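This report concerns only the one structure given below.
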Amino acid sequence: MGEGEGCCEQMQSARLIGIGIVGVGLFMVARFMIDTPVRETVKMTETVIGRAEKDAYMRDDTNSPFNYEKHPVAFTPLHYFAPSEDWVFRSRLTVYPDPEAVTIFDTKGRERKGHLYGFLNIDKEGATHLVRVYRMEHEEDFYYSIWFTDRTTGESTYEVGRYLDFELSDDPEHVYTLDFNDAYNPYCAYSPAYGCAIPRDEDFIDLAIEAGEMKWHD
């Protein structure tokens with residue numbers, strides 16, 4: 001086979017994979033939209049399609065935890081709660097004037113250094129709940145992250161806890177969108193080859209957050 005023929009076959013395979021992803025996503029969107037008001041569909045549609053794309057990545061990409069060469073794991077689709085606007089909140093970030101230095105342990109017993117940087121507020125079920133934001137050291141840089149446990153932890157969701165990505169804005173008055181439909185499991189939920197940060201007791205949110213990713217397996 002010539003080099004040009006191999007290239008064409010790879011492009012055709014990529015095209016078929018893309019069609020498959022879109023097809024699955026659109027089917028899930030159509031099923032979701034039956035019972036969803038029009039005003040809620042745009043973000044929730046993105047969530048459903050994003051989940052189909054993540055399944056394709058987890059199944060096929062060489063960097064996926066399922067394809068880690070030292071400890072490959074048989075892939076089966078990830079599990080999620082149905083997307084819902086009930087779990088989307090908006091809040092400004094309150095930054096602690098003197099962020100507390102913290103040590104976070106991971107599932108392999110290793111220490112991770114960082115600071116408890118601030119918190120967001122969410123109002124739900126007649127109470128205000130704090131969602132803590134961490135600034136963690138990574139080599140010579142740092143990153144921001146949210147991790148939490150809730151009433152579903154160890155029941156319908158991963159027993160260690162779940163994560164939310166957080167990107168800090170330069171605007172101190174910025175209003176953040178906190179979407180628990182995007183809550184996800186760390187890689188250690190799928191493979192023992194990975195160690196993941198364990199949420200602290202203070203990171204417990206006293207709600208049954210039935211949004212985002214569920215347990216991958218029992």
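The values are calculated or read from the model by the stated rules, or taken from the named source; none is laboratory data. Remember, it's a predicted structure, so these values are computed and weren't measured experimentally. We place every Cβ from the backbone using ideal geometry, glycine too, and count neighbours over all the protein chains shown.
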Failed criterion for Thr107 (all others in (1) closer than 28 Å to Met44 by Cβ; (2) touching a helix residue (DSSP H, G or I) at 6+ places or on another chain (Cβ under 6 Å); (3) β-branched (Val, Ile, Thr) hold): (1)
Residue within the stretch 5-28 that is assigned to a loop (DSSP other than H, G, I, E, B), modelled with pLDDT under 95 and surrounded by 13 or more Cβ atoms within 10 Å (Cβ to Cβ) present: no
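Report whether or not Lys113 is among the basic types (Lys, Arg) and either touching a Phe, Trp or Tyr at 6+ places or on another chain (Cβ under 7 Å) or not in a loop (DSSP other than H, G, I, E, B) (or both). Write out each step before concluding.
Working: among the basic types (Lys, Arg): yes; either touching a Phe, Trp or Tyr at 6+ places or on another chain (Cβ under 7 Å) or not in a loop (DSSP other than H, G, I, E, B) (or both): yes.
Yes; evaluated as a whole, the condition is true for this residue.
Table: residues versus (1) of a type in the set (A, V, I, L, M, F, W, C); (2) in contact (Cβ under 8 Å) with a residue 12 or more places away in the chain.
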residue	(1), (2)
Arg110	no, yes
Leu120	yes, yes
Thr128	no, no
Leu168	yes, yes
Tyr184	no, yes
Cys188	yes, yes
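Can you find even one residue in the stretch 79-99 that is surrounded by fewer than 12 Cβ atoms within 10 Å (Cβ to Cβ), assigned to a strand (DSSP E or B), on the phi < 0 side of the Ramachandran plot and over 21 Å from the mean Cα position of the chain (by Cα)? Give the derivation first.
Restricting attention to the stretch 79-99, the residues satisfying the condition of being surrounded by fewer than 12 Cβ atoms within 10 Å (Cβ to Cβ) are 97-98.
From what's left, assigned to a strand (DSSP E or B): 97-98.
Keeping just the survivors that are on the phi < 0 side of the Ramachandran plot gives 97-98.
Next, only the ones that are over 21 Å from the mean Cα position of the chain (by Cα) stay: 97-98.
The answer is yes, given that some residue of the stretch 79-99 is surrounded by fewer than 12 Cβ atoms within 10 Å (Cβ to Cβ), assigned to a strand (DSSP E or B), on the phi < 0 side of the Ramachandran plot and over 21 Å from the mean Cα position of the chain (by Cα).
With respect to Glu137, determine if the residue is among the charged types (D, E, K, R), surrounded by 12 or more Cβ atoms within 10 Å (Cβ to Cβ) and not assigned by TED's automatic domain parsing to the domain that holds Ser91.
Working: among the charged types (D, E, K, R): yes; surrounded by 12 or more Cβ atoms within 10 Å (Cβ to Cβ): yes; not assigned by TED's automatic domain parsing to the domain that holds Ser91: no.
Here the answer is no, as Glu137 does not meet what is asked.
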Options Asp150, Asp123; residue that is exposed (fewer than 13 other Cβ atoms within 10 Å of the Cβ) and assigned by TED's automatic domain parsing to the domain that holds Ser169: Asp123
